Amino acid sequence: MSLATLTKDWAATSYGFLDASAKRELRRKMLKAIAVPGCQMPYASREVPMARGWGTGGLQVTLTLVNPNSVVKVIDQGADDGVNAASIRRFISRVSGASETWDTLEATIVQSRHRVPEEIMRENQVLVLQVPNPEPLRGVEPNISIARQMHADADYGKLWLTLYEQIVRKGRIMQGAAYPSMVNGRHVMTPSPIPRWDVPKLNMSKHLTILSAGREKRLYAVPPYTRVEPLVFSDRPYLVEDHAALTCRRSGVSGFFMNELPQDGGGSVFEVSDSNLGIKAIDCADGAPDAIGDTWYRNGEFSA
Amino acid sequence: MNLISEPAALERAAPRLMRAEPLLRMTDISKRYGDVRALRGVDAVVYPGEVMGIVGESGSGKSTLLRMMNLEDTPDSGDYTLRLPGRENENLFDLTRYERRMLCARHIGIVYQNPHLGLLMKHSSSGNVAERLLIAGERSFEILRSKAREALDASEFPLDRMDARPIELSGGMQQRVQLAKAIALEPALLLLDEPTTGLDVSVQALVLDTLKRLQRDRRITMVLVSHDLGVIRTMADRVMVMRHGEVVEQGLADQVFQDPQHPYTQQLVHAKL
């Protein structure tokens, strides 16, 4: 018997690009992460044909979850047509046979950088967030070993302290993105660099959220119907960005998270950040029926 | 006029401290670091409202003992109980990490000789005090702010500098911030590890003054470790003299200093004079 008879036939790549053991490890780590919501699980981040820091963590999770029946949507800062988003989406469909979409309601896997879609996600959808820095304590405790002990002790005094000092110095909480949030009353996570606007969408959501950092080699999860509470003082309410009154220049929708486009005259105009929502709104205006699904924010107020 | 017959004077004359149930009781504490026996069967008792002074040379085990009182370290053998509501007969060394941290945050305050150990140098002074309250679960910004101000005020810290970072402050001020942090939650026990060593004499006197006033006003039980007999003499009600990890003599401060029994204590008192 020769060695060749024992091995599998040569193939260019394995299904979904990652080798079987890499996917097995990721699956195990995802299950662990779901079992302990918000707790960071280390994993061996594999090489993918993309530079670390460009969404490799999210990509590995997506490649592990994907199957030929999946429908994949990839967004970058809310847009489906960015170079990075388009390339990742094309890569995923090429190595897995999954179909591509821009529509949040059609997708089964939504990989995202910096935004949670405005339309409410369902039970059978997974949101994969690309995370640059998974450690909420990094700003207050540079030593990772000590930070892990602090997580184990639920010692989040220093995080609260930074919020306290922001109020003391500036009169309000200055934390814009990656707002530290308590998951299931136990672990504080940084919800990737999503804006404050998007954090309430993760609270008691119907979909599974997996946050993965490829460079830092950690992933954590928010299972469906899990509490996600931003850290706030009882007498200082949590404030989202002041976008409720803004109207999108192109689609005319208002009450959603907007991108600000500075103009020559010193003023600025706004475009809705979730670009597919804008496209749907334009289609609606042109007569397409029922294009926009239910949204988390209605008239600028969080209502889900 | 006969002062002795007045009840208040009588109260002062009797050893009032020793009549109460002790607040802190450590029994038979032993600790080895490799070949070094840092503590050998030390017993310590502290009564509510008193100031207990621990003197001894470097390496005598006084700081190790204090660290154990703060639950930073566990001994090889020995028991430690604090008479706190609900925890009367519990050996505190048996607590889990988490319970220990919560107990320390709520009931024990400590002032270190080196302010870098006790303070977050990059955060504001008021924030340092507020952190204690945050760990204990206070979540209202206004209450945090006012309690931090109160504690800093009680330790005679100039309030116009309450949001300055400790690293910008003088040594005496840093010790006051540490003190404010320690007393913010009205601890049952205040541990002072050489609190005035390294300060110049006049600042030392001011900090000691603050400590005395706090002790008088709030009746905080204190354990004061120092190698400086002068500091111990001004502050302490009772004294424990340590050498080579053992307690060689203990008793009322006046007694020990005026009539030292153990040769080492005699030497110590004479060296001071």
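Throughout, read-outs are computed from the coordinates displayed, never taken from laboratory work. These figures come from a predicted structure and were not determined experimentally. Counting neighbours? That spans all protein chains shown, and the Cβs are built from the backbone with ideal geometry, glycine included.
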Task: Highest-MSF residue in chain A out of A:D235, A:D81, A:D19 [GNM, Cα springs under 10 Å] - done: A:D235
TODO: In a Gaussian network model over chain A where Cα atoms closer than 10 Å are linked, find which of A:L26, A:L59, A:L159 has the largest mean-square fluctuation.
DONE: A:L159
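Roughly what % of Cα-Cα distances in segment A:256-304 sit above 16 Å, to the whole percent? Intermediate values should be presented prior to the final figure.
Values: 618 of 1176 pairs.
Roughly 53 percent, rounded to a whole number.
Quick one: grab the alpha carbon gyration tensor of segment A:1-160, order the square roots of its eigenvalues as a ≥ b ≥ c, and give me rounded if a/c is under 1.5, else prolate or oblate depending on whether a/b is larger than b/c.
On the way: a/c = 2.10, a/b = 1.27, b/c = 1.65.
In terms of gyration-tensor shape, oblate.
Taking each residue in B:126-138, count the Cβ atoms of any other chain within 10 Å of its Cβ, then average. What number comes out? Write down the numbers at each step before the final one.
Details: counts 3, 8, 1, 0, 6, 5, 1, 3, 9, 8, 1, 0, 3.
What the average comes to for B:126-138 is 4.
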TODO: Could you tell me whether chain B comes out rounded, prolate or oblate from its Cα gyration tensor? Rule is a ≥ b ≥ c as square roots of the eigenvalues, rounded for a/c under 1.5, then prolate if a/b exceeds b/c, otherwise oblate.
DONE: rounded
Task: Average Cα contact separation per residue, segment B:118-187, under 8 Å, 6 or more apart, as relative contact order % - done: 45 percent
- [ ] Could you grab the Rg to Rh ratio for segment A:137-177? Cα atoms only, Kirkwood for Rh.
- [x] 1.05
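Based on the alpha-carbon gyration tensor of segment B:36-131 and its eigenvalue square roots a ≥ b ≥ c, which shape applies: rounded if a/c is under 1.5, prolate if not and a/b is larger than b/c, or oblate? Spell out each step's value before the answer.
Numbers: a/c = 1.71, a/b = 1.23, b/c = 1.39.
Here segment B:36-131 falls in the oblate category.
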Task: For segment A:1-126, size of Cβ-based charge dipole, Lys and Arg +1, Asp and Glu -1, in debye - done: 560 debye
Task: Fraction of antiparallel bridges per DSSP, chain B only, in percent to nearest 5 - done: 50 percent
- [ ] Counting residues in segment A:1-77 as N, plug N into 2.2 N^0.38 Å and put the Cα Rg over that result.
- [x] 1.34
Open item on the list: Which of A:G78, A:G176, A:G214 ends up with the largest GNM mean-square fluctuation for chain A, with Cα atoms connected below 10 Å?
Closed with: A:G176
Open item on the list: Largest first and in whole Å, what are the equivalent-ellipsoid semi-axes of segment B:117-260 based on the Cα gyration tensor, each being the root of 5 times an eigenvalue?
Closed with: 30, 16, 13
Open item on the list: Looking at the calculated P(r) for the protein assembly as shown, what percent of the C-alpha pair distances fall above 45 Å?
Closed with: 37 percent
Task: Neighbour-count ranking [beta-carbon atoms within 10 angstrom, fewest first] of A:I279, B:I183 - done: A:I279, B:I183
TODO: Taking amide H positions as placed in the peptide plane 1.01 Å from N, state which residues far from A:S251 in sequence (5 or more) or on other chains have amide H under 5 Å from it.
DONE: A:V272
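What ranking do B:E21, A:E118 get, fewest neighbouring Cβ atoms within 10 angstrom at the top?
On the way: B:E21 9, A:E118 26.
With the sparsest Cβ surroundings first, the list reads B:E21, A:E118.
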Open item on the list: Two decimals, Cα atoms only, Kirkwood Rh: what is Rg/Rh over segment B:94-167?
Closed with: 0.99
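Any idea what the dipole of chain A comes to, in debye rounded to 20, about its Cα centre with Lys/Arg Cβ at +1 and Asp/Glu Cβ at -1? Numbers along the way, then the final one.
Working: 35 positive and 33 negative charges, 246 e Å.
Its charge dipole is roughly 1180 debye.
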